[in-house]
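Data block below; observations after.
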Amino acid sequence: MKKTTISVLALLTALGLGTSLLATMDIQKAFKEKYPDAKTLNTKCSTCHTMALPKKDGDHANNAYGTDLKATKGKDGKYDFAAIEKKDSDGDGVSNLDEITKGTNPGDKASK
């Protein structure tokens with residue numbers, strides 16, 4: 001009985017983590033489709049998150065750009081990248097679109 005319970009819990013955990021990873025990959029794919037000429041820097045997790053490769057819960061917090069992008073999520077689950085292009089999410093004086101085009105991070109004030 002214990003073995004079955006552990007197996008079921010492991011499966012549920014794997015499914016939950018896989019779904020989170022898939023969502024992140026879907027957002028990255030949508031970003032690349034919206035901005036096909038974006039520099040490599042802006043096609044990584046750190047575009048929206050405070051850490052480049054979050055390893056555990058609590059490490060996947062959104063940066064300023066990620067927070068603004070999250071606010072654009074529609075009922076269909078898609079994000080409206082264009083809605084925050086003119087915004088300067090990280091407050092460094094450069095618009096999100098200009099940072100994406102230049103290859104700097106729109107969620108990192110030190111990157112402009």
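The values are calculated or read from the model by the stated rules, or taken from the named source; none is laboratory data. What you see is a predicted model, and the numbers here were worked out from it, not measured in a lab. Cβ atoms come from the backbone with ideal geometry, glycine included; neighbour counts cover every protein chain shown.
What's the total number of residues in the range 67-86 that are among the small types (G, A, S) and either in contact with a Cys (Cβ under 6 Å, 6 or more places away or on another chain) or part of a loop (DSSP other than H, G, I, E, B) (or both)? Before the answer, list the steps.
Going residue by residue through the range 67-86, those that are among the small types (G, A, S) are 71, 74, 77, 82-83.
Restricting the remaining residues to those that are either in contact with a Cys (Cβ under 6 Å, 6 or more places away or on another chain) or part of a loop (DSSP other than H, G, I, E, B) (or both) gives 71, 74, 77.
Qualifying residue count, the range 67-86: 3.
Just give me the residues in the range 86-109 being of a type in the set (G, A, S) and touching a residue at least 60 places away in the same chain (Cβ under 8 Å), in sequence order. It would help to see each step written out before you state the result.
First, the residues of the range 86-109 that are of a type in the set (G, A, S): 89, 91, 93, 95, 103, 107.
G103, G107 - these are the residues of the range 86-109 that are of a type in the set (G, A, S) and touching a residue at least 60 places away in the same chain (Cβ under 8 Å).
Considering the range 31-86, the residues that are over 21 Å from G103 (Cα atoms) and of a type in the set (A, V, I, L, M, F, W, C) include one that is modelled with the highest pLDDT, namely A71.
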